[in-house]
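The structure appears right after this line, and notes come after that.
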Amino acid sequence: MGSLLTAAPSHAQSKSEIVIGVQCDRTGPTQIVGTVLCPAFHDYIALVNSKGGVDGHPIKAIEIDHEYKVPPAVESYERHKKEGAVTMAVYGTPQIYALTAKLTEDRIPGTSPGFGSAAAADGARYPFIFPIAATYWSQGAAAVDFVKKQLGGNLKGKKIAYIFYDNPAGREPIEVIEDLATKEGFQLKTFAVPPPGVEMGAQALDIAQRFRADFVIAHLFGGAPSVSIKEFKRVGYPLRKVVSFVWGAAEANIDGAGGFAVAEGYYAMQFAGVGTDYPVLNEIRDMYKKQGKEPPKEMASTVFYNRGVLIAALHVEAIRNALKAKPDGKLTGNDTKAGFEKISNFTLGGLVPPLKITATDHEGGGLVQIWQVKGGKFEKVTDWFAAYQDVVGKHIKEAAKK
């Protein structure tokens, strides 16, 4: 594998370049995410290279747009492998499911931050898969914990609605939330939204008027979160009783619903810091200024942009750790895997939660923050937290037996 790394490019850096394979969806159903997240990934890599790379090795991030389709994702993986990629930034839950066996067989680490298989938190069973952000099980647990606090610390006899995009990713947290319903004594009702998630008037009406939910946990993607905000508004359900998982939590989702004034009160879960006020973002803006350019417009969409920075930074950190162990730069996927497993308390000035990745825990603690739409912007409501880790851990153990 090491021999596949291309020779040094002709510019100043004399050391071999290190390749990251980047998958994206800029033109398919989740382009609302990809068109912001992927440019952010490249901006962070450009920032690293502008400072001389990692220990003098330039980083080359090769992006392929798979339009959120599985066959092109598999094809892009093969192309990235040929190019000598030693880490892969996989994009999409169906895609990480399709590539798990290949990544494992080829011994190349692949990341699936905030999506993918929750069971992959188990580094012993999935040695080359790195969720490196709260999985859907951890998000479900955090959502229930947040709702419990909102409802005065007791969920006995309360009614909680779970509205979800009806695909494997949407269904994944149900088993954990059902467990917590038994544990905490609340009544859970699930509401499936069929893809592409543009019709949910009936579900919103049912939640508000028939089921009369005390709180709603929402797990929707693409254009669906915006529709849910509009529909809850339409039926008169208060948005301060709705908390969304991480893919319904961005400025783009709020804009699609008609703007921040419309979505006032709505709670959103995050796995990266929100807003423009982080040292690393200042550095990216300075990098553009030095080139005589305006900072890219994508930076204003802070939720998805900051996640792109977070993902790129974790790949670079894994490479940095790998180079410490192998200074000659002839890295393989085994080296970068070990590099990911040494990431500890790397926070980028608060943009990244205090993750700790180990050989057995590839999730890093399941940490999230809750933010709320308030007065025209997102306001932070909680600091980083994780909840019911015993319950999530039980599901990870059970999954390992299957």
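The values are calculated or read from the model by the stated rules, or taken from the named source; none is laboratory data. Predicted, not measured: the structure shown is a model, and the values here were computed from it. Ideal geometry is used to build each Cβ from the backbone, glycine not excepted, and the neighbour counts take in all protein chains shown.
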key: Members of segment 258-281 found to be buried (at least 24 other Cβ atoms within 10 Å of the Cβ) and either out of contact with any Leu (no Cβ under 9 Å at 6 or more places or on another chain) or without any contact (Cβ under 8 Å) to a residue 24 or more places away in the chain (or both), listed by number   = Ala268, Met269, Gln270
key: Checking Ala61 against (1) part of a helix (DSSP H, G or I); (2) buried (at least 22 other Cβ atoms within 10 Å of the Cβ), the condition it does not meet   = (1)
note = Per the filter on segment 121-138, residues in a helix (DSSP H, G or I) and out of contact with any Ser or Thr (no Cβ under 7 Å at 6 or more places or on another chain) are Tyr136, Trp137, Ser138
query = How about segment 40-58: which of its residues are under 21 Å from the mean Cα position of the chain (by Cα) and buried (at least 20 other Cβ atoms within 10 Å of the Cβ)?
reply = Ala40, Phe41, Asp43, Tyr44, Ile45
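So that you can scan it fast, the table gives a plain yes or no per residue for (1) in contact with a helix residue (DSSP H, G or I) (Cβ under 6 Å, 6 or more places away or on another chain); (2) within 22 Å of His395 (Cα to Cα); (3) surrounded by fewer than 23 Cβ atoms within 10 Å (Cβ to Cβ):
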{"site": "Glu78", "(1), (2), (3)": "no, no, yes"}
{"site": "Tyr91", "(1), (2), (3)": "no, no, no"}
{"site": "Thr100", "(1), (2), (3)": "no, yes, yes"}
{"site": "Pro109", "(1), (2), (3)": "yes, no, no"}
{"site": "Gly116", "(1), (2), (3)": "yes, yes, no"}
{"site": "Ala120", "(1), (2), (3)": "no, yes, no"}
{"site": "Arg125", "(1), (2), (3)": "yes, yes, yes"}
message = Exactly one condition in (1) assigned to a loop (DSSP other than H, G, I, E, B); (2) in contact (Cβ under 8 Å) with a residue 60 or more places away in the chain; (3) buried (at least 17 other Cβ atoms within 10 Å of the Cβ) is false for Lys330; which is it?
response = (3)
note = When segment 127-153 is checked residue by residue, the ones that are within 19 Å of Val391 (Cα to Cα), out of contact with any helix residue (DSSP H, G or I) (no Cβ under 7 Å at 6 or more places or on another chain) and not small (Gly, Ala, Ser) are Asp145, Phe146, Val147, Lys149
request  = Please enumerate the residues belonging to segment 228-257 that are over 21 Å from Arg210 (Cβ atoms), part of a loop (DSSP other than H, G, I, E, B) and out of contact with any strand residue (DSSP E or B) (no Cβ under 6 Å at 6 or more places or on another chain).
outcome  = Ala250, Ala257
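Regarding Ile132, is this residue under 19 Å from the mean Cα position of the chain (by Cα) and aliphatic (A, V, I, L, M)? Show your work before the answer.
Details: under 19 Å from the mean Cα position of the chain (by Cα): yes; aliphatic (A, V, I, L, M): yes.
So Ile132 passes the test.
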note = Of those in segment 333-375 that are in a strand (DSSP E or B) and buried (at least 19 other Cβ atoms within 10 Å of the Cβ), the residue nearest to the chain's Cα centre (by Cα) is Val368
key: First in segment 43-66 and free of Cβ contacts under 8 Å to residues at least 40 places away in the same chain and assigned by TED's automatic domain parsing to the domain that holds Lys81, second anywhere and crowded, with 19+ Cβ neighbours inside 10 Å and not in a strand (DSSP E or B), Cβ under 8 Å, 6 or more apart   = Asn49/Pro58
remark   = Reported set for segment 144-158 where residues are assigned to a loop (DSSP other than H, G, I, E, B) and in contact with a Leu (Cβ under 8 Å, 6 or more places away or on another chain) is Lys158
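If I ask for residues that are among the β-branched types (Val, Ile, Thr) and free of Cβ contacts under 8 Å to residues at least 12 places away in the same chain, which ones from segment 128-179 would you list?
The answer is none; no residue qualifies.
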message = I'd like to know if segment 70-81 contains one or more residues that are small (Gly, Ala, Ser), touching a residue at least 40 places away in the same chain (Cβ under 8 Å) and assigned to a helix (DSSP H, G or I).
response = yes
inquiry  = Looking at Ala161, Ala218, Ala213, Ala141, can you tell me which residue is part of a helix (DSSP H, G or I), among the hydrophobic types (A, V, I, L, M, F, W, C) and outside the structural domain of Ala120 (by TED's automatic domain parsing)?
reply    = Ala141
